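Colleague: Quick one: structure below, then a few questions.
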Ligand code: KG4
Ligand code: ZN
């Protein structure tokens, strides 16, 4: 009888929860052999946000070439894989189904196990795959505090690694979430209000240094819970819809509409680079009043994320902090969180910029402990758009 094939530790990750079709090959949860992302940003920019129906069609178009490219770039054969991992949720139902259906067919055809990964756990592993040792070396048993902050999510989790005979599985407990808009959503909506293209986060990041972050003061009202948590549980929730409304009121009360509409036409489909934004500032397309408003908005949002995260770190005696998701790419956020962590002598880590936004390397990395624990997806796996973590 031929010997059973030796495990290679290679996992193919597939991600299609929102507007990126992505595939990656990662060895043993840490070594990235390939990481391919087909972004739909240009398609959705024309509509000022993600259009679910268009996203599904685009995933369908991209999934085969993206997976092929990931396998080719990794220099492996499909048969070399130990498992296929796919995002099961949360996300857009039709978009998730494209990745799930393709991953199921591939796993079935190759006779390999299929592993379902929660997209939010994926974001956490985007950091762990690069920084796990630095984050756990102080005390491997203490919780790591994870802030996942993106266009669809703003969550705080306590992450623990529990060792067992089968490897070491990660466990999560949600201790905070936004009660309305996600932070990235607030960035995108405020940018749109001020006549800037989708996605607005990177635009605001580039423009804010040209404005005065103290020009407009925003206050965060107390958070109203629809389903209050039991009194025994201390929560560290967020709310970002009020600040978006405050920005809208400011533009109305300062009669900024005309300037904003002119700018919307001038900056449409403008490529976002430091030179381009500097030029738009110098020629007055983005005038000082808007720059001050954007800088003040970013200052307030980062301030709110910082306050809740460090209060939670103190409360739960977290040994380290990790930040992930698209908004983790924000320069002011990285600067202020790094400075605050240094004050408290807390290790802190961010993903590399390529792993901050949606990608499949993080899905393959999160699947590695599940492969060790033989935690495989059921045959009837389907999309779970509202899937929770912890
Ligand atoms: O993680 P991601 O790619 O997709 C979701 O799971 O939502 O995050 C996309 C979000 C968008 O809202 C985008 O505006 C925001 O991340 N974003 C940023 C920056 N880069 C991306 N927000 C602030 N500053 C940035 N540099
Ligand atoms: Zn994401």
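The values are calculated or read from the model by the stated rules, or taken from the named source; none is laboratory data. Since we're looking at a predicted model, the values are computed, not measured. Don't worry about glycine lacking a Cβ; one is built from the backbone with ideal geometry, like all the others, and counts go over all protein chains shown.
Colleague: For the stretch 312-343: of the residues being surrounded by fewer than 14 Cβ atoms within 10 Å (Cβ to Cβ) and within 23 Å of residue 234 (Cβ to Cβ), which is nearest to ligand 1 (Cβ to nearest atom)?
Modeller: 343
Let's see how each residue does on (1) within 26 Å of residue 91 (Cα to Cα); (2) away from ligand 1 (no atom under 16 Å from the Cβ); (3) outside any strand (DSSP E or B); (4) modelled with pLDDT under 95:
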| site | (1), (2), (3), (4) |
| --- | --- |
| 1 | no, yes, yes, yes |
| 18 | yes, no, yes, yes |
| 26 | yes, yes, no, no |
| 32 | yes, yes, no, no |
| 37 | yes, no, no, no |
| 43 | yes, no, yes, yes |
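Colleague: Scanning the stretch 92-119 for residues that are within 19 Å of the chain's Cα centre (by Cα) and under 13 Å from residue 364 (Cα atoms), which turns out farthest from ligand 2 (Cβ to nearest atom)?
Modeller: Among them, the one singled out is 116.
Colleague: Mind listing whichever residues of the stretch 177-190 are in contact with a helix residue (DSSP H, G or I) (Cβ under 6 Å, 6 or more places away or on another chain) and surrounded by fewer than 23 Cβ atoms within 10 Å (Cβ to Cβ)?
Modeller: We begin by selecting, within the stretch 177-190, every residue in contact with a helix residue (DSSP H, G or I) (Cβ under 6 Å, 6 or more places away or on another chain); these are 180-181, 183-184, 186-190.
The answer is 180, 181, 189.
Colleague: For the stretch 344-378, what are the residues that are without any contact (Cβ under 8 Å) to a residue 60 or more places away in the chain and either within 16 Å of ligand 1 (Cβ to nearest atom) or touching a helix residue (DSSP H, G or I) at 6+ places or on another chain (Cβ under 9 Å) (or both)? Before you say what the answer is, go through the steps one by one.
Modeller: Quick first cut of the stretch 344-378, residues without any contact (Cβ under 8 Å) to a residue 60 or more places away in the chain only: 344-346, 348, 353, 378.
Once the filter is applied, which keeps residues that are without any contact (Cβ under 8 Å) to a residue 60 or more places away in the chain and either within 16 Å of ligand 1 (Cβ to nearest atom) or touching a helix residue (DSSP H, G or I) at 6+ places or on another chain (Cβ under 9 Å) (or both), the stretch 344-378 yields 344, 346, 348, 353.
Colleague: So, one more: Tell me whether the stretch 80-91 contains one or more residues that are in a helix (DSSP H, G or I) and either at negative phi or touching a residue at least 40 places away in the same chain (Cβ under 8 Å) (or both).
Modeller: The initial filter retains those residues of the stretch 80-91 that are in a helix (DSSP H, G or I), namely 80.
From what is left, the residues that are either at negative phi or touching a residue at least 40 places away in the same chain (Cβ under 8 Å) (or both) are 80.
Taking every residue of the stretch 80-91 in turn, at least one turns out to be in a helix (DSSP H, G or I) and either at negative phi or touching a residue at least 40 places away in the same chain (Cβ under 8 Å) (or both).
Colleague: Evaluate the stretch 120-133: report whether one residue or more is more than 30 Å from residue 239 (Cβ to Cβ), outside any loop (DSSP other than H, G, I, E, B), in contact with a strand residue (DSSP E or B) (Cβ under 8 Å, 6 or more places away or on another chain) and touching a residue at least 60 places away in the same chain (Cβ under 8 Å).
Modeller: yes
Colleague: Does the stretch 346-356 contain any residue that is modelled with pLDDT of 95 or more, crowded, with 21+ Cβ neighbours inside 10 Å, assigned to a loop (DSSP other than H, G, I, E, B) and touching a strand residue (DSSP E or B) at 6+ places or on another chain (Cβ under 9 Å)?
Modeller: For the stretch 346-356, residues modelled with pLDDT of 95 or more, crowded, with 21+ Cβ neighbours inside 10 Å, assigned to a loop (DSSP other than H, G, I, E, B) and touching a strand residue (DSSP E or B) at 6+ places or on another chain (Cβ under 9 Å): present.
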